1. In the stretch 39-62, how many residues are surrounded by 10 or more Cβ atoms within 10 Å (Cβ to Cβ) and of a type outside the set (Val, Ile, Thr)?
2. List the pairs whose first member sits in the stretch 45-62 and is among the aromatic types (Phe, Trp, Tyr), whose second member is modelled with pLDDT of 95 or more and part of a helix (DSSP H, G or I), and whose Cβ atoms are under 9 Å apart, counting only residues at least 6 apart or on separate chains?
3. Could you list, in sequence order, the residues of the stretch 28-38 that are at pLDDT below 85 and hydrophobic (A, V, I, L, M, F, W, C)?
4. Every residue in the stretch 23-62 that is farther than 24 Å from Phe12 by Cα, in a helix (DSSP H, G or I) and small (Gly, Ala, Ser), please.
Amino acid sequence: MQLFENYNTTLFAIGFDQTLPIYIGTKLRQFISPAMNALAMIFIVLTISDTAVYEIMSRRKG
């Protein structure tokens, strides 16, 4: 997942638009809310499940 790869570049180049990484970064600077913890957990679960699916598919292929 390359959603957060270029955070600094996005921050300076995007202007006044609000992307998901910029929104999350802003919220984390202000206060770590339960919503941010839930979002982080969702990203962790998605990453682990994507990795597991990829691994299963690559083993079946090979």
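1. 11
2. none
3. Across the stretch 28-38, the qualifying residues are Leu28, Phe31, Ile32, Ala35, Met36.
4. Answer for the stretch 23-62, where residues must be farther than 24 Å from Phe12 by Cα, in a helix (DSSP H, G or I) and small (Gly, Ala, Ser): Ala35, Ala38, Ser49, Ala52, Ser58.
The values are calculated or read from the model by the stated rules, or taken from the named source; none is laboratory data. Because the structure is predicted, anything quoted here is derived from the model rather than measured. With ideal geometry, Cβ positions are generated from the backbone for all residues, glycine too; neighbour counts draw on all protein chains shown.
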